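The values are calculated or read from the model by the stated rules, or taken from the named source; none is laboratory data. Since the structure is predicted, the reported quantities are computational estimates derived from the model, not experimental observations. Glycine gets a Cβ as well: all are built from the backbone with ideal geometry, and neighbour counts include every protein chain shown.
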Amino acid sequence: MRYALLGLVLVAGCSGPSERIVANTTEVRRLATSSGQRFERIAVQADNEQPSLPQIKAEAVEGKGEQERILDAVDMIYHALTGVEDQTPWWVAPVVYVALALAILGVCFLVWHTGLGRFVKGWLGLCTPTERRAAALTASLIDLKPEEAVEAVAELRRRDSTFDAAFRRAAPIRTNRRTE
């Protein structure tokens, strides 16, 4: 019995944790089935008018040995479980990164289109180089003569097409009158 257990340990020692768990689980199932049958034989023998006490004792002793082997196999399963590692598929990490990037882009999109982006930009005092040039040009308009101011506005409209479109919407009458 001990030699069989030693042989099982040696064979199981050469395999990975999952193989040892499978082998020990199979051994536990085999021994538990055998013990169940042994208990049935003991029950049948005990129900006889003249039970054979030596046979009941032999079955009980063998049953105790099987229970020890079951406990040893369970201990080996517990020991083998420490060597088992959870492994995630290779594609999980890229999917997580893509989902994270999409979430960040979605939050940025919502912040910008709800007006919070413009508020944060103004609160932090951030402005683009185009906005700085437009502000400098507009500040210089204060001291200009009307003809120079018209030229400056024309230059500003020429540099920035979005400003030009906004200017046409803001002053449609002046735009048409000046271009005629």
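Below is a table of values for the structure above.
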item	result
Some residue of the stretch 88-110 being of a type outside the set (A, V, I, L, M) and under 30 Å from E27 (Cα atoms)	yes
Residues satisfying the stated conditions in the stretch 55-87, i.e. within 16 Å of E40 (Cβ to Cβ), small (G, A, S) and out of contact with any Phe, Trp or Tyr (no Cβ under 9 Å at 6 or more places or on another chain)	A58, A60
Matching residues, the stretch 103-150, being modelled with pLDDT of 80 or more and under 18 Å from A170 (Cα atoms)	V150
Complete set of residues in the stretch 44-93 that are among the β-branched types (V, I, T), assigned to a helix (DSSP H, G or I) and surrounded by fewer than 12 Cβ atoms within 10 Å (Cβ to Cβ)	V44, V61, V92
Cross-chain or 6+ apart pairs with Cβ under 7 Å, the stretch 128-146 first and within 16 Å of R159 (Cα to Cα), then in a loop (DSSP other than H, G, I, E, B)	T130/D160; A134/D160
Condition check for R38: under 54 Å from the mean Cα position of the chain (by Cα) and under 23 Å from G16 (Cβ atoms)	no
First in the stretch 45-59 and of a type in the set (A, V, I, L, M, F, W, C), second anywhere and in a helix (DSSP H, G or I), Cβ under 6 Å, 6 or more apart	I56/I42; I56/Q45
Check on F167, at pLDDT 80 or above and part of a helix (DSSP H, G or I)	yes
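Matching residues to (1) at pLDDT 85 or above; (2) of a type in the set (K, R):
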position	(1), (2)
Y3	no, no
V11	no, no
S15	no, no
N24	yes, no
R30	yes, yes
I42	yes, no
V84	no, no
